[in-house]
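Colleague: Handing you a structure now.
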Amino acid sequence: MDSLARIAVFISGGGSNLQSLIDASESGRLSGKIVLVISSRDNAYGLERAFNAEIDTFVYKVKNYAAKEDAYRDLMEMLEEYEVEYIALAGYLKLLPVPIVRQYKNRITNIHPALLPKYGGSGMYGHHVHEAVIKAGEKESGATVHIVDEIYDHGKILMQQKVSVSPEDTPESLAAKVLKIEHQIYPKALDKLIRETRKI
Ligand code: GRF
């Protein structure tokens, strides 16, 4: 077995968390290498980040297939072809197919821009999360890295870090504060998971 774990990162947008994982991998802070980036959108800026880092990419849209089963099979085959051992969701706005969640049980992570279990679940993504936190008058928010299971934003929490919410904060300023924390904890949490679970 390769000494570095083989990771696929799933994105839908800017991919700043993808970049933090690429940087951590390149500087040896992550005991894994990103072998594949899968995007649900063909215009995601994260694809460019992958290209710049010479990482293969794949745009995956279930609606491009005649049947869901064909789409799932294709994705599974792609993960097998790249010998993917861990999956990191980083701003991926789609649900992973259940067969893949089962196949990669306890080896799929996600990053969420709030302190789960608060402000998670369906509809809680992007600016919606920060708007809800501010509206509720919370004094603190933060970022959470968790294991992905079959329920949205539900799996075991691996790492969390808090930020304070000030009365002047807007959803945009809070998002920026939280994103900074995300970039710090995602590589750390993924590295820890790999070290604890991988049998070398
Ligand atoms: C992050 O806030 C992440 O927590 C959430 O989606 C956002 C993705 O940002 N799941 P980026 O694409 O990594 O810049």
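The values are calculated or read from the model by the stated rules, or taken from the named source; none is laboratory data. Bear in mind that the values here come from a model prediction, so they are computed numbers and not experimental data. So basically every Cβ, Gly included, is an ideal-geometry build from the backbone, and we count neighbours across all protein chains shown. Ligands, DNA and RNA are stripped out before the accessible areas are found, and what is left, the full protein with its side chains, is counted by its heavy atoms. Shrake-Rupley method; radii C 1.70, N 1.55, O 1.52, S 1.80 Å.
Colleague: Scan the range 68-86 and give yes if some residue there is under 23 Å from Glu182 (Cα atoms) and within 13 Å of the ligand (Cβ to nearest atom), otherwise no.
Modeller: Among the residues of the range 68-86, not one is under 23 Å from Glu182 (Cα atoms) and within 13 Å of the ligand (Cβ to nearest atom), which makes the answer no.
Colleague: Next up: Give the range 150-176 a look and list any residue that's within 21 Å of the chain's Cα centre (by Cα) and open to solvent by 50 Å² or more (accessible area, probe 1.4 Å), or say none.
Modeller: Glu150, Ile151, Tyr152, His154, Lys156, Ile157, Gln160, Gln161, Lys162, Glu172, Ala176
Colleague: Something else now. Of all residues in the range 80-90, which are farther than 19 Å from Leu193 by Cα and within 19 Å of the chain's Cα centre (by Cα)?
Modeller: Tyr82, the sole residue that qualifies.
Colleague: How many residues does the range 153-200 contain that are part of a helix (DSSP H, G or I), away from the ligand (no atom under 15 Å from the Cβ) and aliphatic (A, V, I, L, M)?
Modeller: Residues that pass the stated criteria total 2.
Colleague: Condition (residue is in contact with a Leu (Cβ under 8 Å, 6 or more places away or on another chain), touching a residue at least 24 places away in the same chain (Cβ under 8 Å), among the hydroxyl-bearing types (Ser, Thr, Tyr) and outside any strand (DSSP E or B)) applied to the range 42-59: is it met by at least one residue?
Modeller: Among the residues of the range 42-59, not one is in contact with a Leu (Cβ under 8 Å, 6 or more places away or on another chain), touching a residue at least 24 places away in the same chain (Cβ under 8 Å), among the hydroxyl-bearing types (Ser, Thr, Tyr) and outside any strand (DSSP E or B), which makes the answer no.
Colleague: Could you tell me whether any residue of the range 18-30 is of a type in the set (Ser, Thr, Tyr), within 14 Å of the ligand (Cβ to nearest atom), touching a residue at least 40 places away in the same chain (Cβ under 8 Å) and at negative phi? Walk me through how you get there before you give the answer.
Modeller: Applying the first criterion (of a type in the set (Ser, Thr, Tyr)) to the range 18-30 yields 20, 25, 27.
Keeping just the survivors that are within 14 Å of the ligand (Cβ to nearest atom) gives 20.
Now restrict to residues that are touching a residue at least 40 places away in the same chain (Cβ under 8 Å): 20.
Pick out the ones that are also at negative phi and you get 20.
Yes; the residues of the range 18-30 include at least one that is of a type in the set (Ser, Thr, Tyr), within 14 Å of the ligand (Cβ to nearest atom), touching a residue at least 40 places away in the same chain (Cβ under 8 Å) and at negative phi.
Colleague: Right, next: Does His128 fit the bill of being part of a helix (DSSP H, G or I), open to solvent by 20 Å² or more (accessible area, probe 1.4 Å) and not small (Gly, Ala, Ser)?
Modeller: Criteria met by His128.
Colleague: Hey, another quick one. Could you count how many residues in the range 177-200 are closer than 21 Å to Phe10 by Cα and either in contact with a His (Cβ under 7 Å, 6 or more places away or on another chain) or open to solvent by less than 80 Å² (accessible area, probe 1.4 Å) (or both)?
Modeller: 15
Colleague: Still on this model: Pull up the range 87-108, narrow it to residues that are open to solvent by less than 10 Å² (accessible area, probe 1.4 Å) and within 11 Å of the ligand (Cβ to nearest atom), then point me to the one that is farthest from Ala136 (Cα to Cα).
Modeller: Result: Ala88.
Colleague: Let me ask you something else. Suppose we filter the range 131-149 for residues that are closer than 20 Å to Tyr186 by Cα, within 14 Å of the ligand (Cβ to nearest atom) and open to solvent by 30 Å² or more (accessible area, probe 1.4 Å); how many remain?
Modeller: Adding up the residues that qualify gives 0.
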